[in-house]
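The values are calculated or read from the model by the stated rules, or taken from the named source; none is laboratory data. Note that the structure is a prediction, hence the values are computed from the model and not measured. Here the Cβ positions follow ideal geometry from the backbone for every residue, glycine too, while neighbour counts run over all protein chains shown.
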Amino acid sequence: MKKIALIPNIFKDKDCKETINLIKYLKKFDCALLIEREFESYLKAVCGAEGVKAEFDERERVFSDAELLIALGGDGTIIEAAVDAAKYAVPIVGVNMGHLGFLARIEKGCYGPLEPIINGSFGVNRCMMLDIEIVGGDGSVIERHTALNDLIVSGEDYKMVTVGVSVNGNAMSEYSADGIIAATAVGSTAYSLSAGGAVMHPEVDAMIITPICPHTLKARSAVIPADRVIEISCLEPYRCGAVVRADGKMIYKIKKDHERVRIKKSEYSTLLVKLDDPTFFDVLRNKLSD
């Protein structure tokens, strides 16, 4: 019996109505569902009525026991689940209930492509992730985080900051800008793209550095090999404080005592189930064309 974790998004799926439709589809398979306890009030009764075996548990138990994870929402739902899924090497497939759907490639209600996946006939794309360290002035590591999409250092209250970027200890550039983005290939189609960065295929092992609204006519994004270590630090003049965000969540406020952010390739990878139709290039053309 395959154990499948379901990750609903209550903001995209009001009252878990589409999750309930998916549960009804899954009842024809010999599988057990693992669902976080916060969704028990929405889904326990329907699982019982449909004769579907379901366990409601804490998040870590759901991820550690799962053999496959189905995320219902949008790309953000997958990104939210990615760190925990990567820790236990659980492959993820997404049901798109958002807009772009670069990662969540199965459309809601069209669950036919899930059948071979549930039966174990699928490959995975190993998508690079970022290890992020907040480093103090004395060189000690203050905090550690992992991200699938990107790391952003930006000014507080939307003010300009001056940042320096180094690669393997060698100064790369300085920017006076609204901020700086360090993104993976997966994250290259998110904020980095909106800020003028290049698109990278999600299977590329590399990082892209993209300034946000730089106060110059010549600043460009730069692609950095995955085996390099990037450091971002705030430079004088200090117009404001700076905040650090990983995958859209604020994780730290940089102080003025030589703190910096260190970014490198993570030991973990997000395992995204391969889907031949549509391809990444189909999605790119269809979602981003005028």
- Task: Would you mind stating whether residue 267 is surrounded by fewer than 12 Cβ atoms within 10 Å (Cβ to Cβ), under 21 Å from the mean Cα position of the chain (by Cα), more than 30 Å from residue 107 (Cα to Cα) and at pLDDT 90 or above?
- Result: yes
- Query: For residue 147, are the conditions met, namely being surrounded by 19 or more Cβ atoms within 10 Å (Cβ to Cβ), modelled with pLDDT of 95 or more and outside the structural domain of residue 87 (by TED's automatic domain parsing)?
  - Reply: yes
- When residue 186 is evaluated against the numbered criteria (1) over 22 Å from residue 104 (Cβ atoms); (2) touching a Pro at 6+ places or on another chain (Cβ under 8 Å), which criterion, by number, is the only one it fails? (1)
- Query: Would you pick out the residues in the range 194-212 that are modelled with pLDDT under 95 and either out of contact with any Ser or Thr (no Cβ under 7 Å at 6 or more places or on another chain) or outside the structural domain of residue 139 (by TED's automatic domain parsing) (or both)?
  - Reply: 194, 201, 202, 203, 204, 205
- Message: Just the residues that are surrounded by fewer than 16 Cβ atoms within 10 Å (Cβ to Cβ) and over 25 Å from residue 82 (Cβ atoms), please, taken from the range 197-225.
- Response: 213, 215, 216, 217, 218, 220
- Task: Please work out if residue 137 is exposed (fewer than 15 other Cβ atoms within 10 Å of the Cβ) and on the phi > 0 side of the Ramachandran plot.
- Result: no
- Examine the range 226-248 for a residue that is outside any loop (DSSP other than H, G, I, E, B), surrounded by fewer than 18 Cβ atoms within 10 Å (Cβ to Cβ) and not small (Gly, Ala, Ser), and state whether such a residue exists. no
